[in-house]
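Q: What follows is a structure written as structure tokens; I'll ask about it next.
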Amino acid sequence: MDIPVLPRTVVDQIMLLEPVEGARRSNGDGSRKGKDVPTKQARPPGDPLHGLSAVPTDRLPGTSDDAWRMLTWLCGDLASADARGASWNEEGCRVGRKMGGYVGSGEISTDEALHWLMEAARASGWVAEKGEDFVEDAMRRHLGDGARNPRSVPPPAASPSRPPSDRPFVFVEDGKRHENVKIAAAALTAAGETWQRGGRLVHVAKAPGEPPRIVETDHAKLGVMLGRAADWGKPKKDKNGNVVEWPPCDPPKDDVAAVWSDASSWDCGSLVGISDIPVLRPDGSLPTTPGWDEATGWLWMPGDLERFDVPDHPTEADARAALALLAHLVSLYSFKAPEHRSVALASLLDGIFRASVDVAPLILFDSSSPGTGKSKLAHASSCIATGHVCSPMAPTNEEEQEKRITALLMQGARSVLIDNTVRAVGGPSLDAVLTSSRWSGRVLGSSRVVDLPNRTSWKSTGVNQRVKGDLVRRTLHCRVVTDAERPEERRFAFDPVEQALARRAELVRAVFVVERAHRLSGAVVNLPTFANFGEWSRRVREPLVWLGEPDPVETQKALREGADEAVAVYTDVLVGWWDVFGPRQVTLRGAIEELSRKQSDPKVKHLSDALKDLVETDSSDPQFCTKLGYKLRPFLERPIDGKKLVPCGKKGENGRFYRCENENPLIFPSAQPVQ
């Protein structure tokens, strides 16, 4: 049989041996003793294999090229063992275990390998000496031993049974990390599984029945993603240091860390949020293809919402029909005034268009008694926009509120409800989150500060709620009224939340129709300026007024009156302070102690009551003086009716001194400071 010259592949490195006459076998200590025996010498790759008939010439389907070449060489080794003076047992063990590695990797069947190795054993004379059964049992055992350590298969070439991978291949070598990281980052970007947000890599996590959330990508998750995005291989070398194959490997931890730590420099796109409906672009168009939209930074992940089509050129009649559909959702409620109903309608539009505008006002739902369905109004807006109710945030103190806001924005919450607020709504954190398109906050349990996009719709509910500070001009008020003694026991024709979910596709379409019809009409709606919510007004407020609804901003008048109550309480404090202390310098603790000793004096009693109303707690509270200081801070040096409270530069044992100044002072017998 003519034996073809084999190409130079990995199998060319196998040492096929020729006998060398006159050589002595080494004893392992450098000496050469004993009789002359043939020893082994490497034969150059490519030499014919002695023309042995045991060398296979055809193969069964499913056997890999490498396995077939290796079988060819090993059969030649085994068949020529006797001629080279090699031991049949040693050669059988070596050849069987080597071939077993290919059996274990699935590149050749056991029967195929055993058949040809037995042919080589017969050609060598081993079968004739030991017997067929003995040799076959030995070869099966050696093949089994080798199969327990299967060889690593290099990246496969294209074949009908296994098509080539279209993923990039990353060669893991020393000194190549900078190149590998670039390849890996590009593959990660192309896979579309991760984005940059706040300078960190993030991905989308979704639990069954829950809305998708934005989650920071840690090292473990990133390693899995990089393994999916590219094929990774580590070199395997022969004894001469030549790379013979690239077995697959996991992405090295150092490469994963390099990608993770420099997320802001990779062009993986900045993720603003997640939506299951298209988000309106700045030019008024809607994306037509799901996925990440570069114009808005939003990821459109369609859920089970049925398809809806927004007409290209809706008319005013179309807009009125759409608004009637939205108004039906709030038709079960009685509102304090038409403008309060307009705020409820604005809330339905706000849920969707909040994703498209930089800043939006707080929408406050309140009533005179619990159980009126205020929360359902808030949740209905969220259900239209997201298919889920609002994310809850319990009322809390200022420090805790800042942390919770940060945590919610990190998750990409679309709509947040501050539910059942008892105290006045407001504070620096809420003021800031309503007036900025970005939010900087400290991560809970960490000193790390994150900078995040802010596209969240904020709502609050409560009974007879008041708004404090600057929040007044950033809030719209929707007051629900009822004459029922127990409003929670009333029965209605439908549930607004259930209706919003059941008819969601129609309602989403209606919201887009109202906005598009107004924008294309070119109508100019002259309205007073609403804080810095100009873009929100164009998307939400102006379309409602264009269709004949009252201006929702009119509800701020009542909020200002409520906020003026705080001014009225402080005015009582200021008058009482002058009546009791006059121009004397007094510390807060000294003032409280003096008031407690003179409760029989009507002026003292008036000031004590005014301070309790301002602080909203009794003077027996250990933190009363501290809380009083916070309450007085916004009013310091603010003149009211000719009087103002001024902090003095010096401090006493009980804290800072305060003095009341009056444009029309009275003469007091004593002006000694009170600590």
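Q: Give me a comma-separated list of calculated 3J(HN,Hα) values for region 260-266, in order, Karplus coefficients 6.51, -1.76, 1.60 applied at θ = phi - 60°, integers in Hz, x for any Gly or Pro.
A: For region 260-266, the Karplus curve yields 5, 6, 10, 4, 5, 8, 8 Hz.
Q: Going by alpha carbons, how many degrees (0 to 90, nearest 10) lie between the helix axis of 338-353 and the longest principal axis of the chain?
A: Computed tilt is about 20 degrees.
Q: How would region 536-651 be classified by its alpha-carbon gyration tensor: rounded, prolate or oblate, with rounded meaning a/c under 1.5 and the a/b versus b/c comparison settling the rest? Working shown, then result.
A: Details: a/c = 2.87, a/b = 2.68, b/c = 1.07.
Prolate shape, in that a/c is at least 1.5 and a/b is the bigger ratio.
Q: Once neighbouring chains are kept in place and the probe is 1.4 Å, which whole percent of the accessible area of the chain is contributed by carbon and sulfur? Working shown, then result.
A: On the way: 16210 of 33210 Å².
Answer for the chain: carbon and sulfur cover 49 percent of the accessible area.
Q: FRET efficiency for Ser368 and Ala324, Cβ-Cβ distance as r, R0 = 41 Å, nearest 0.05?
A: Once the sixth-power term is evaluated, E becomes 0.90.
Q: Sort 311-319, 228-236, 485-493, 340-348 for me by packing, meaning the mean count of neighbouring Cβ atoms within 10 Å per residue, highest on top.
A: 340-348, 228-236, 311-319, 485-493
Q: Then there is this: Mind ranking 478-484, 601-607, 376-382, 94-100 by how tightly packed they are, going by the mean number of other C-beta atoms within 10 angstrom, highest first? Don't jump to the answer; show the numbers that get you there.
A: Working: 478-484: 17.6, 601-607: 15.6, 376-382: 26.4, 94-100: 23.1.
Highest-to-lowest ranking by the protection proxy: 376-382, 94-100, 478-484, 601-607.
Q: Rounded to the nearest 0.05, what FRET efficiency do Asn149 and Val215 have when you use their Cβ-Cβ distance and R0 = 41 Å? Don't jump to the answer; show the numbers that get you there.
A: Values: r = 39 Å, r/R0 = 0.96.
The computed FRET efficiency comes out at 0.55.
Q: Taking only Cα atoms, what is the 0 to 90° angle, nearest 10, from helix 398-411's long axis to the longest principal axis of the chain?
A: Once rounded, one gets 40 degrees.
Q: If you rank Glu294, Glu306 by how much accessible surface each has, with a 1.4 Å probe, what is the order from largest down?
A: Heavy-atom accessible area, descending, gives Glu294, Glu306.
Q: Please state the equivalent ellipsoid semi-axes for the chain: what are the square roots of 5 times the Cα gyration tensor eigenvalues, largest first, in whole Å?
A: The answer is 83, 34, 20 Å, longest axis first.
Q: Quick one: which residues, 5 or more positions from Asn454 or on another chain, have an amide H under 5 Å from its amide H? H modelled 1.01 Å from N in the peptide plane, none for Pro or chain starts.
A: When sequence neighbours closer than 5 places are left aside, the close amide H contacts are Arg438, Trp439.
Q: Can you tell me the length gained on complete extension of the stretch Val422 to Asn242, counting 0.36 nm per residue apart and subtracting the Cα distance?
A: Details: separation 180, 0.36 × 180 = 64.80 nm, distance 7.55 nm.
Roughly 57.2 nm would be gained on extension.
Q: In whole angstrom, note down how far apart the Cα centers of region 573-587 and region 174-219 are.
A: Centre-to-centre (Cα) distance: 62 Å.
Q: With angles folded into 0 to 90 degrees, how steeply does helix 556-581 sit against the dominant principal axis of the chain? Use alpha carbons for both and round to 10.
A: 60
Q: A follow-up question, please. State which entries of Lys98/Lys221; Lys603/Lys643; Lys206/Lys253; Lys376/Lys627 exceed 28 angstrom in Cα-Cα distance in the structure shown.
A: Table pairs above 28 Å Cα-Cα are Lys98/Lys221; Lys376/Lys627.
Q: A follow-up question, please. For an R0 of 45 angstrom, estimate the FRET efficiency from the Cβ-Cβ distance between Lys253 and Asp495 and round to the nearest 0.05. All intermediate terms of the calculation are to be shown ahead of the outcome.
A: Values: r = 52 Å, r/R0 = 1.16.
Once rounded, the FRET efficiency stands at 0.30.
Q: Still on this structure: Taking amide H atoms as placed 1.01 Å from N in the peptide plane, list the residues 5 or more away in sequence, or in a different chain, whose amide H sits under 5 Å from that of Gln465.
A: Residues meeting the amide H criterion: Ser367.
Q: Another question, then. Separation between the Leu305 and Ser446 pseudo-spin-labels, each 7 Å from Cα along Cα→Cβ, expressed in nm?
A: Roughly 3.1 nm, to one decimal.
Q: Mind jotting down the distance between the C-alpha centroids of region 313-335 and region 432-470, whole Å?
A: About 31 Å separates the Cα centre of region 432-470 from the one of region 313-335.
Q: Moving to a separate point now. Let me check I've understood the local charge: for Ser382, count other residues with C-beta under 13 angstrom from its C-beta, Lys and Arg +1, Asp and Glu -1. What total comes out? Walk me through the numbers on the way to the answer.
A: Working: positive: Arg354, Lys376, Arg414, Lys459, Arg504; negative: Asp276, Asp350, Asp419.
Cβ neighbours under 13 Å give a net charge of +2.
Q: Let me ask something else about it. Would you pull out the residues with amide H under 5 Å of Val170's amide H, same chain only if 5 or more places away, H placed 1.01 Å from N?
A: For Val170, the qualifying residues are Asp231, Trp232, Gly233.
Q: Using the heavy atoms of the protein chains alone and a 1.4 angstrom probe, what is the accessible area of the chain per residue in square angstrom?
A: Per residue, the chain has 49 Å² of solvent-accessible surface.
Q: Turning to a different aspect of this structure: Could you tell me how far the Cα centroid of region 356-370 sits from the Cα centroid of region 75-137, in Å?
A: Rounded to whole Å, the Cα centres lie 83 Å apart.
Q: Additional query: In whole Hz, what ³J(HN,Hα) sequence does region 127-140 give by Karplus (6.51, -1.76, 1.60; θ = phi - 60°), x for Gly and Pro?
A: So the J values, rounded to whole Hz, are 5, 4, 7, 9, x, 4, 5, 4, 5, 5, 4, 5, 5, 4.
Q: When a/c reaches 1.5 or more, the comparison of a/b and b/c decides; with that in mind, is region 381-465 rounded, prolate or oblate per its Cα gyration tensor?
A: Oblate is the answer for region 381-465, as a/c is 1.5 or above yet b/c matches or exceeds a/b.
Q: Using the Karplus curve 6.51 cos²θ - 1.76 cosθ + 1.60 with θ = phi - 60°, work out ³J(HN,Hα) for each residue of region 234-244 in order, rounded to whole Hz, and write x for Gly and Pro.
A: Values per residue, Gly and Pro as x: 10, x, 10, 10, 8, 5, 8, x, 8, 6, 9 Hz.
The values are calculated or read from the model by the stated rules, or taken from the named source; none is laboratory data. All figures in this text were calculated on a predicted structure; none of them were measured in a lab. All Cβ positions, even for glycine, are placed from backbone atoms using ideal geometry, and neighbour counts span all protein chains on display. Surface areas here come from the heavy atoms of the whole protein model, side chains and all, with no ligands, DNA or RNA. Shrake-Rupley method; radii C 1.70, N 1.55, O 1.52, S 1.80 Å.
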